[in-house]
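Please read the structure below before turning to the comments.
The values are calculated or read from the model by the stated rules, or taken from the named source; none is laboratory data. Worth saying up front: this structure is predicted, and the values here are computed from it rather than measured. Virtual Cβ from ideal backbone geometry, glycine too; neighbours counted across all protein chains shown.
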Amino acid sequence: MSKEPESHYSIDKLHFIFALAALALLVIVGGVFMKDYDRKWKDYQKKFRTYEIEVARTTYDAELNELNDDAAYQELLTEIEKAEKDYEANCLGNDALEQEIEDLETQKILKEQDLKYTNAERDAAKFRYENAVGHHVGDPKATKGEYKSFADRAKTLKREVEDLKVALAAKTEIKAKCGKQLTELERKKRRITSERDIVERKLDAIDPNQMDFTNRVAQMVRDLPILDLSTPTTEVKQIVLKDITDDRIIRQVPKVDRCITCHLGIDNPAYKDFPQPYKTHPNLDQYVSNDSAHPMEQYGCTVCHGGRGRATSFQTAVHTPQNEEQKQDWKKKYNWKADHHWEEPMYPLQYTEAGCFKCHSGEYPIKGAETLNLGLQIIERAGCYACHELERYKDWPKPGPDLTHIASKLSKEFAYKWIEDPHFFRKDTWMPAYYNLANNSDLMSMARGQQEIHAMVNYLFAESQDFNLSKMPRKANAENGAELVASLGCYACHQSKPLDGDHDVTNDDLRRQHGPTLTGLGTKTSKEWVYDWLKDPNRYHPETRMPNMRLSDQEAADIAEHLTQDTHKTFVMKSIPGFDEDIINDITMEFLGKQMPKTSAEKKLATMDLDQKLKYSGEKLIGRYGCYSCHNIKGFDNAKPIGIALDEEGSKALHKLDFGYVHVDHTKHGWFDQKLKAPRSFDNHKVKAPGEKLLMPNFRLSAHEREAVVTSILGFVTDVTVKNKIKPRTPENLQLEKGQEIIAQMNCRSCHKIEGEGATVQDTIVDWLKAYQGKTDSEAEKFLTSFSPPDLHGAGKKIDIEWLFNFLHSPDVEVRPWLEARMPTYKFNVGHLNTLVQYFNTLDGEDKFPVNPKPDVSLTDHEYKQAEKLFSLEYLGCNLCHIVGNETPTGTQDTWAPDLTLAKTRLKPEWIIEWIKDPQALVPGTNMPTFFDPSDYENSGAPDILDGDEDEQIRVLRNYLMTLTPDKRKTKVKVEIPASDTNEAGASEATP
Amino acid sequence: MIESIKLFINQITAPQISFTAIILLFFFIFPPSEGLYKFHKKIGLHKLWTNAGGKFMMGALFLFFCFGIMDENFRLIVTKADNVPIVGLLFLVVFFLWFALKQGYDNDKRIEEGKGPIEAEDAKEKVLVWPDLVYIELIAIVGCSILLLVWAMGLAAPLEAPANPTVSPNPSKAPWYFLGLQEMLVYFDPWIAGVLFPAIIKLGFMAIPFIDNNPKGAGYYTFNERKMAISIFLFLWLVLWIFLISTGTFLRGPNWNFFGPFEYWDTHKLEALTNINLSELVYMIWLGQALPDNILIREMWGFLLIGAYFVITPALLTVTIFKKVFQRLGPVRYSVFIVLLLLACSLPIKMYLRWAFNIKYLVAIPEFFFNI
């Protein structure tokens, strides 16, 4: 190749271009690696490393300080110092010994090595010999000699090694003895400093300042591109869950959550004040940590929070901002964009509890999920389930009153004005507004709306059936009525006035809104109607949840008198527009036109008079608006609810929600919130005929309430991915859930504390004690427990099944006769009663079958007398506090306790034994005195009764109680009333 | 001002207008006959195929995109990772079209001057495989690698939600190279648009060497010597393929509705699309009577029309503008050629029938799943 061939292009130029291109390619390839290497999560991990060092340092310093302040430790240090000196002086000085040990050690190693080689040679020789004999390969004699000599040598060596070991052990023992104390002390020191040592080791591993040079270089090399494939310091951390899956439609794959790649401090309480993403989970008791109910390793993160678990960047994890401010902030900080490709974006912070519902959907309430519970309770109160099917509320009664006898209760005028604007009459009513909303407040719609209301009212009154109100006593005392309302417990379910507007509603408030707020009744209805209603609510409204308070005629009359004194003056003054036949014709034609051709419809219309038109269109309108979903209305017995089912609303695809022309965030929660805030607003700017318009009414929920309801709706999902984590559907769990459902439905928690929640009525009892019983604040506090309906903790263990069943059926037994609040009579059916009884028993683990046989409660004459003695004031003085039949206790009412003559039927005999033995163990804080000191049980009983046998004493006392009956009083004890000091002896059970 | 420009563009990009405009312009830009060619030169359209013309076209396209990219809706569609290559494709199509035609026009000029095509001179010069060919190929490989790597890094893969058979994306779009076929589905029954036409296209490609027996233009670029062939080819390529692909990519939104380049893709947009079959048009609208029960009588008009299209049109063409072609090709080649051409032309014809008369099918026999 001497001569360059002639070329078309300039080769130099091509060289140059090629060089440039190659260089560019090199740079780009470098860029590829850089791009692959450069991940945001690595930066987070590096930053976290500095925090980690910071935290470890602080802990280290704290530990160090603690050790410095620890006198025992300091003492130990001086001791060690002394021991060391001792050791140096006595043991280390002995160089000869040291030398000897070292020599022996060396000799031993050498010999051992020799032995190893010889053994190998011996085994090889052995094989050769065996082979020579067996296979005739080689000379058997010579090989045998060889083998023998090796074997002998191995034996000798082995013995020598053993001897050396013995010699060495002897020498070391001398040395070890010398340092024994020191080793012991060192061990002690290590025990004390173990925590500090752990932190120190950690610091050694992570803190570059504490590392040696080699380690520091190694750390750097580990993280270099490409080399980081083995063990980098920064790495994607993930939780893989086998029994929770990611739904890939075609198949379920194990869930993989990589959130902890950045959320590095999530399970460590030390990071609770650090910025995101390092911050500790705010509720480690319930979540994330290993001893919580939902450990991270078993549940991951996205199963509750939503979002894309496999993602390792802020954007792809589908974080969702909780408000506009955060959105803008994220846009700036993370270049955040809404991701429409992921169907389950993370719940915004305020809606997080939505994630609880998928597994806990059967529970009432779902413990710990405050917002979710509030939302569910609002759904119960507002009766959303009446129009929107919801599995959870399948068998719930209609939320609104019965309208089949409406004429006996209301006037047409009231009904008109009420439908027109229910909130004007009663600010906090659960009856929603149907008129003057976004899609019907223009002039035409308003005119039409007025006639629609006329039509519906006319239909209701035309169809209203006769209802005879019972006769009311002529005289009634409103003041007495007021006191009755305050004392009987009416305020457990009703409020006397609406809540303040700026008050965020709570679960307790909602329990007090179980029934309507008692305002304006004088305007709404007549005294006679209220009287009749109070006497027997079921007569007017068979499905009502208002129980029968078992009022006497006079009591009912007094209350009716009191309640109807409150009137609504501006409401009365509101005027009602007259009929407009043209519009009524339009409305009638609209419906007629759907049933028949227009010509026939026109002919038909001409034959109808105004009343007929009103009634006809009224019925059709009630059907359209679905009034019958909440109210019993004649003619709509089998009508289906008009709303869509909500059971899967939370997993509905976003594109199925019509945002219309409303500018809200295109997110599910944005849509739900808008729907609740202004339900008809999605009709804005749309051209729609009256029959096509959206129908959902406005409940005027506050922002706080909407947030709660949206949380619930977001939680209504079908999620197959968690099927392994749902509470097992065992009979016990189902019984508990069924019981909880009735308790929620009947608002039992308003009076009773059940599973630690409820007893809302107590606030109003305090009010009553102060207003009517002349108690001061502190007195009211003291009397509150004994004047409140009982806490039902442990009721299943305590109350006899049959008695409980009967009591729930007809609670006219006075367990606590002094109580003013009254356990009302509910219209429970056998199913309800069984469910409740089973619930209380299952809750306390008393659901075993067969039921324990009743113990023998007979007494010999002697035992009876002894028991009577024990019962008397001489010994335990039970009737100091307990009511016995018609004999009231002598102490003040704050110590009164249930009627003992009921014990025989009411209490489980086993429970009485337990109770007398140690009341505090069953109900901590009860007023019942501990007569038998559990710490010194053997000597706690009276020595002169039944030979001082405590078990016997309790048994006969229990059996004695079983002989007390209300009619057959067997004992009469004369009691000297002590002037004071009732508290000491007096006792009152805190439970029934 | 800008808004009204955008509105104007949105309106004129509607296929009815843009398609008509392109067809009309097409025959002036690519004149198939001598007469049109002269007119084409007279109004100076041949200057498009000069350096200045190339700069003008590329510049105009570039400016249009610069203008468009400022609009949010335009940007959203054009910068979608899927669509970026189609934008590149538009530029490449224009560039290579210009590049080929420029050389053709230059040669035409040389031939006119009696110099022969430029390629003839090239052929005299010797070019070595190494280094001339292999070296620049190597450089090109490196260049392409750079381009692909930069592209891969700059535009992330357009990943969407996990596939869910119950949720189909809206609009559901075929890969870009099939969008022409998908666009045809708007106007034809699937068996025609999805089976018959793709088959005919392939058969047509195979037939080209047998039909085209014109030795002119072999080994060199020319336009003048092969006006009709180039014009017909470019019509099929640019109008019936590239145009449909770009429409499908950029202008078809949710529910396959048409959206102007600056229009928001509103899923709820509604268009009045009540289409009727030819039989309904004839009997019910024109004659004011019910449809006959007999299928053949009912669909008679459609069959007649299609029959006429494939019998009378070729006859007419043969005695008029294709007289010379017929003489040159002979009856067999000519028949194949004319059938292919008529099939190709049936697409724009059907499009116009749809737009003008809302015609859905010319022959509609749903009883036998047979629709044309």
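Residues B:I306, B:I230, B:I312, B:I242: which one is within 23 Å of B:F91 (Cβ to Cβ), more than 14 Å from every other protein chain (Cβ to nearest Cβ) and out of contact with any helix residue (DSSP H, G or I) (no Cβ under 7 Å at 6 or more places or on another chain)?
Numbers: B:I306 fails: within 23 Å of B:F91 (Cβ to Cβ); B:I312 fails: within 23 Å of B:F91 (Cβ to Cβ); B:I242 fails: out of contact with any helix residue (DSSP H, G or I) (no Cβ under 7 Å at 6 or more places or on another chain).
The conditions single out B:I230.
Could you tell me whether any residue of region A:783-794 is over 20 Å from A:A492 (Cβ atoms) and not aromatic (F, W, Y)?
Let us first name the residues in region A:783-794 that are over 20 Å from A:A492 (Cβ atoms), namely A:794.
Narrowing further to those that are not aromatic (F, W, Y): A:794.
Checked region A:783-794: at least one residue is over 20 Å from A:A492 (Cβ atoms) and not aromatic (F, W, Y).
Which of the residues belonging to region A:550-562 are over 20 Å from A:T519 (Cβ atoms) and under 41 Å from the mean Cα position of the chain (by Cα)?
Within region A:550-562, A:R550, A:L551 qualify.
Pick from A:P855, A:P909, A:P889: which is touching a helix residue (DSSP H, G or I) at 6+ places or on another chain (Cβ under 8 Å) and modelled with pLDDT of 85 or more?
Only one candidate qualifies: A:P909.
From B:A140, B:A218, which residue is surrounded by 10 or more Cβ atoms within 10 Å (Cβ to Cβ), aliphatic (A, V, I, L, M) and either modelled with pLDDT of 90 or more or part of a loop (DSSP other than H, G, I, E, B) (or both)? Step through it out loud before you land on a result.
Values: B:A218 fails: surrounded by 10 or more Cβ atoms within 10 Å (Cβ to Cβ).
After ruling out the rest, the residue left standing is B:A140.
For region A:526-534, does any single residue satisfy the condition of being over 30 Å from A:L374 (Cα atoms), β-branched (V, I, T), crowded, with 18+ Cβ neighbours inside 10 Å and at pLDDT 90 or above?
Within region A:526-534, one or more residues are over 30 Å from A:L374 (Cα atoms), β-branched (V, I, T), crowded, with 18+ Cβ neighbours inside 10 Å and at pLDDT 90 or above.
Tally the residues that are part of a loop (DSSP other than H, G, I, E, B) and either more than 7 Å from chain A (Cβ to nearest Cβ) or loosely packed, with under 14 Cβ neighbours inside 10 Å (or both), restricting the search to region B:113-132. Talk me through it step by step, then tell me what you get.
Taking region B:113-132 as the starting set, the residues that turn out to be part of a loop (DSSP other than H, G, I, E, B) are B:113-117, B:123-128.
Checking which are either more than 7 Å from chain A (Cβ to nearest Cβ) or loosely packed, with under 14 Cβ neighbours inside 10 Å (or both) leaves us with B:113-117, B:123-127.
Qualifying residue count, region B:113-132: 10.
Condition test on A:I53, is it closer than 30 Å to A:K202 by Cβ, in contact (Cβ under 8 Å) with a residue 60 or more places away in the chain and away from chain B (no Cβ under 14 Å)?
So A:I53 passes the test.
Restricting the search to region A:643-664, which residues are touching a Ser or Thr at 6+ places or on another chain (Cβ under 6 Å) and aliphatic (A, V, I, L, M)?
Passing the criteria: only A:V662.
Can you name every residue in region B:102-140 that is more than 21 Å from B:N51 (Cα to Cα) and within 31 Å of the chain's Cα centre (by Cα)?
If the condition is that a residue be more than 21 Å from B:N51 (Cα to Cα) and within 31 Å of the chain's Cα centre (by Cα), then B:A140 is the only one that fits.
Output the residue which, of all residues in region B:143-167 that are of a type in the set (A, V, I, L, M, F, W, C) and exposed (fewer than 12 other Cβ atoms within 10 Å of the Cβ), is farthest from the other protein chains (Cβ to nearest Cβ). Reasoning before the result, please.
Pass one, region B:143-167, residues of a type in the set (A, V, I, L, M, F, W, C): B:144, B:146-153, B:155-157, B:159, B:161, B:163, B:167.
Adding the requirement that they be exposed (fewer than 12 other Cβ atoms within 10 Å of the Cβ) leaves B:144, B:147-148, B:156-157, B:159, B:163.
Values: B:C144: 10, B:L147: 9, B:L148: 10, B:A156: 10, B:A157: 12, B:L159: 7, B:A163: 7 Å.
By that ranking, first place goes to B:A157.
Which residue, of B:Y135, B:Y177, B:Y187, is more than 30 Å from B:L48 (Cβ to Cβ), away from every other protein chain (no Cβ under 14 Å) and hydroxyl-bearing (S, T, Y)?
B:Y187
Would it be correct to say that A:N806 is at positive phi and either touching a Gly at 6+ places or on another chain (Cβ under 9 Å) or of a type in the set (S, T, N, Q) (or both)?
Considered against the rule, which asks whether it is at positive phi and either touching a Gly at 6+ places or on another chain (Cβ under 9 Å) or of a type in the set (S, T, N, Q) (or both), A:N806 comes out as no.
Can you tell me which residue within region A:891-931, out of those that are in a helix (DSSP H, G or I) and small (G, A, S), is surrounded by the fewest Cβ atoms within 10 Å (Cβ to Cβ)?
Taking region A:891-931 and keeping what is in a helix (DSSP H, G or I), we get A:893-895, A:900-906, A:909-917, A:919-922.
Narrowing the set further to residues that are small (G, A, S) leaves A:903, A:921.
Values: A:A903: 22, A:A921: 12.
Applying the filter and picking the extreme gives A:A921.
Please list, ordered by first then second residue, the pairs with beta carbon atoms under 7 Å, 6 or more apart or interchain, first in region A:912-937 and within 16 Å of A:S786 (Cα to Cα), second buried (at least 17 other Cβ atoms within 10 Å of the Cβ) and at pLDDT 85 or above.
A:V923/A:H793; A:V923/A:G794; A:T926/A:P919; A:M928/A:P919
Of the conditions (1) touching a strand residue (DSSP E or B) at 6+ places or on another chain (Cβ under 8 Å); (2) within 30 Å of A:E779 (Cβ to Cβ); (3) not basic (K, R), A:F840 fails just one. Which one is it?
It fails just one condition, (2).
I'd like the full set of residues that are within 30 Å of A:R258 (Cβ to Cβ) and touching a helix residue (DSSP H, G or I) at 6+ places or on another chain (Cβ under 6 Å), limited to region A:54-84.
Scanning region A:54-84 gives A:V55, A:A56, A:T59.
Matching residues to (1) part of a loop (DSSP other than H, G, I, E, B); (2) touching a residue at least 40 places away in the same chain (Cβ under 8 Å); (3) not basic (K, R):
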{"residue": "A:F579", "(1), (2), (3)": "yes, yes, yes"}
{"residue": "A:D582", "(1), (2), (3)": "no, no, yes"}
{"residue": "A:T588", "(1), (2), (3)": "no, no, yes"}
{"residue": "A:G593", "(1), (2), (3)": "no, no, yes"}
{"residue": "A:S600", "(1), (2), (3)": "no, no, yes"}
{"residue": "A:K620", "(1), (2), (3)": "no, no, no"}
{"residue": "A:N638", "(1), (2), (3)": "yes, no, yes"}
{"residue": "A:A645", "(1), (2), (3)": "yes, yes, yes"}
{"residue": "A:K675", "(1), (2), (3)": "no, no, no"}
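Taking region B:258-278, which residues are more than 22 Å from B:E3 (Cα to Cα) and either small (G, A, S) or more than 13 Å from every other protein chain (Cβ to nearest Cβ) (or both)?
The answer is B:E271, B:A272, B:L273, B:T274, B:N275, B:I276, B:N277, B:L278.
Determine if region A:34-41 includes at least one residue that is within 14 Å of chain B (Cβ to nearest Cβ), free of Cβ contacts under 8 Å to residues at least 60 places away in the same chain and in a helix (DSSP H, G or I).
Yes, some residue in region A:34-41 is within 14 Å of chain B (Cβ to nearest Cβ), free of Cβ contacts under 8 Å to residues at least 60 places away in the same chain and in a helix (DSSP H, G or I).
Among (1) away from every other protein chain (no Cβ under 14 Å); (2) in a helix (DSSP H, G or I); (3) in contact with a Ser or Thr (Cβ under 8 Å, 6 or more places away or on another chain), where does B:G35 come up short?
(3)
Suppose the filter is assigned to a helix (DSSP H, G or I), of a type in the set (K, R) and either more than 13 Å from every other protein chain (Cβ to nearest Cβ) or farther than 30 Å from A:L23 by Cβ (or both); does B:K109 pass it?
yes
Is it the case that some residue within region A:666-673 is among the hydroxyl-bearing types (S, T, Y) and modelled with pLDDT under 90?
For region A:666-673, residues among the hydroxyl-bearing types (S, T, Y) and modelled with pLDDT under 90: absent.
Among the residues of region A:150-173, count how many are more than 15 Å from A:L110 (Cα to Cα) and exposed (fewer than 14 other Cβ atoms within 10 Å of the Cβ).
Total satisfying the criteria: 6.
Residues A:E6, A:E100: which one is loosely packed, with under 12 Cβ neighbours inside 10 Å, more than 22 Å from A:K202 (Cβ to Cβ) and either in contact (Cβ under 8 Å) with a residue 60 or more places away in the chain or not assigned by TED's automatic domain parsing to the domain that holds A:I192 (or both)? Explain how you work it out, then say what you get.
Values: A:E100 fails: loosely packed, with under 12 Cβ neighbours inside 10 Å.
Result of the check over A:E6, A:E100: A:E6.
Could you name every one of the helices (runs of 4 or more DSSP H) located completely within region A:677-792 that has at least 2 residues being surrounded by fewer than 17 Cβ atoms within 10 Å (Cβ to Cβ) and under 21 Å from the mean Cα position of the chain (by Cα)?
Ranges flagged: A:731-745.
With A:L77, A:L115, A:L110 as the choices, which residue is part of a helix (DSSP H, G or I), farther than 30 Å from A:K155 by Cα, among the aliphatic types (A, V, I, L, M) and modelled with pLDDT of 85 or more?
A:L77
Just give me the residues in region B:19-32 being in a helix (DSSP H, G or I) and touching a residue at least 12 places away in the same chain (Cβ under 8 Å), in sequence order.
Quick first cut of region B:19-32, residues in a helix (DSSP H, G or I) only: B:19-29.
Residues satisfying the conditions are B:F19, B:I22, B:I23, B:F26, B:F27, B:F28, B:I29.
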